[in-house]
Amino acid sequence: MTEPTLSVCQLAKDYVTADGTLSILKSLDLTMQRGEALAITGPSGSGKSTLLYMLGALDSPTAGRIQLEGCDPFQLNAAQQAEFRNRQIGFIFQDHHLLPQCNVLENVLIPTLPGAGATPESEARARELLGRVGLAERMGHRPAQLSGGERQRVAVCRALINRPALLLADEPTGNLDRSTAEAVGSLLLDLNREQNTLLICVTHSIELAHRFPRHCELQDGRLVDRESVNTVPVRG
């Protein structure tokens with residue numbers, strides 16, 4: 001059997017409070033392969049963002065294991081972990097977090113700087129991605145000159161520039177109007193298939209979640225499978 005791209009085993013996250021230990025995630029299991037896309041919903045405070053931050057190696061688990069492409073990022077030192085995040089994981093947030101002083105092309109190339117820097121190959125990929133999302137004529141514009149939907153499309157290209165194994169989206173359509181949100185949602189799913197990444201999207205939008213091949217709800221610290229377009233049981 002092919003090893004999964006992402007393997008999450010018995011993941012737990014606890015916080016110590018004045019009233020005792022608060023368990024956010026409890027023995028959570030998940031496996032996914034490249035090309036798959038999963039939407040995660042759940043009420044505020046259920047642990048959706050906590051899970052996303054741990055998958056992105058931005059927060060460490062209390063117990064359990066995460067492996068991406070066979071590597072456990074929490075076994076790496078700080079410098080190795082930063083390189084792992086930069087190369088293996090692409091982040092898309094509700095707020096695009098583009099640098100206002102940089103133009104569109106420069107913003108997309110920012111994740112390439114910690115390594116070898118922007119190369120002719122990475123610039124060609126950036127131009128290709130921007131053309132794919134309909135921004136070929138906007139590469140010299142700065143974020144203030146773009147619409148909300150355009151800025152989010154730039155953020156998607158930036159997340160994909162290093163060909164990550166895992167693309168994490170945290171409320172990627174939360175600040176967009178309905179029609180723009182639909183377009184960005186379609187773009188994410190299309191690029192997920194085309195680029196053969198693994199996509200996990202945390203969202204409050206049930207409409208967006210239902211468009212994903214897999215949809216899970218975070219309940220009592222665990223993922224519960226929900227009906228989606230082409231429901232596939234959560235393995236693991």
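Quick one: which residue in Gln152, Gln145 is modelled with pLDDT of 90 or more, of a type in the set (S, T, N, Q) and surrounded by fewer than 20 Cβ atoms within 10 Å (Cβ to Cβ)? Working first, answer last.
Details: Gln152 fails: surrounded by fewer than 20 Cβ atoms within 10 Å (Cβ to Cβ).
Among Gln152, Gln145, only Gln145 is modelled with pLDDT of 90 or more, of a type in the set (S, T, N, Q) and surrounded by fewer than 20 Cβ atoms within 10 Å (Cβ to Cβ).
Consider the range 81-118 and keep the residues that are within 16 Å of Cys157 (Cβ to Cβ) and without any contact (Cβ under 8 Å) to a residue 24 or more places away in the chain. The one that is surrounded by the fewest Cβ atoms within 10 Å (Cβ to Cβ) is Leu113.
Considering the range 25-43, and only residues there that are touching a residue at least 12 places away in the same chain (Cβ under 8 Å) and either over 23 Å from Arg85 (Cα atoms) or assigned to a helix (DSSP H, G or I) (or both), the residue that is nearest to the chain's Cα centre (by Cα) turns out to be Thr41.
Go through the range 53-65 and give me each residue that's assigned to a helix (DSSP H, G or I) and either at pLDDT 95 or above or in contact with a Lys or Arg (Cβ under 8 Å, 6 or more places away or on another chain) (or both). Can you show your working first?
Narrowing the range 53-65 to residues assigned to a helix (DSSP H, G or I): 53-55.
Matches in the range 53-65: Met54, Leu55.
One residue stands out among those in the range 111-154 that are out of contact with any helix residue (DSSP H, G or I) (no Cβ under 8 Å at 6 or more places or on another chain), assigned to a helix (DSSP H, G or I) and among the aliphatic types (A, V, I, L, M): the one that is nearest to Leu188 (Cα to Cα), which is Ala124.
Restricting attention to the range 119-142, and to residues there that are surrounded by fewer than 19 Cβ atoms within 10 Å (Cβ to Cβ) and of a type in the set (Gly, Ala, Ser), which single residue is nearest to Thr180 (Cα to Cα)? The selected residue is Gly134. Kindly indicate whether Arg65 is of a type in the set (Lys, Arg) and under 30 Å from Glu207 (Cβ atoms). Answer is no for this residue. Scan the range 10-21 and tell me whether some residue there is under 20 Å from Asp190 (Cα atoms) and not hydroxyl-bearing (Ser, Thr, Tyr). No, the range 10-21 has no match at all.
Pairs are defined by a Cβ separation below 7 Å, a sequence spacing of at least 6 or placement on different chains, a first member in the range 212-225 that is within 28 Å of Thr21 (Cβ to Cβ), and a second member that is part of a strand (DSSP E or B) and among the charged types (D, E, K, R); the pairs so defined are Cys216/Asp225; Cys216/Arg226; Glu217/Arg226; Asp220/Lys26; Gly221/Lys26; Arg222/Lys26; Val224/Glu217. In the range 155-176, the count of residues that are free of Cβ contacts under 8 Å to residues at least 40 places away in the same chain and either in a helix (DSSP H, G or I) or in contact with a strand residue (DSSP E or B) (Cβ under 6 Å, 6 or more places away or on another chain) (or both) is zero. Under the condition of being surrounded by fewer than 17 Cβ atoms within 10 Å (Cβ to Cβ) and under 19 Å from Phe93 (Cβ atoms), the residues counted in the range 14-44 number 1.
Could you check, for the range 66-80, whether at least one of its residues is free of Cβ contacts under 8 Å to residues at least 40 places away in the same chain and part of a strand (DSSP E or B)? Let's see the steps before the verdict.
At the first step, the residues of the range 66-80 found to be free of Cβ contacts under 8 Å to residues at least 40 places away in the same chain are 71-80.
Filter once more, so that each one left must be part of a strand (DSSP E or B): 71.
So far as the range 66-80 goes, yes, one or more of its residues are free of Cβ contacts under 8 Å to residues at least 40 places away in the same chain and part of a strand (DSSP E or B).
For the criterion of being touching a residue at least 60 places away in the same chain (Cβ under 8 Å), part of a helix (DSSP H, G or I) and under 30 Å from Val8 (Cβ atoms), Ala181 fails. Just to be sure, is Arg132 in contact (Cβ under 8 Å) with a residue 24 or more places away in the chain and more than 21 Å from Val8 (Cβ to Cβ)? Answer is yes for this residue.
Taking Asn77 as the residue in question, decide whether it is loosely packed, with under 13 Cβ neighbours inside 10 Å and among the polar types (S, T, N, Q). Against the criterion (loosely packed, with under 13 Cβ neighbours inside 10 Å and among the polar types (S, T, N, Q)), Asn77 qualifies.
The values are calculated or read from the model by the stated rules, or taken from the named source; none is laboratory data. Every value quoted in this text rests on a predicted model; they were computed, and no experiment measured them. Note: ideal-geometry Cβ built from the backbone for every residue, glycine included; neighbour counts use all protein chains shown.
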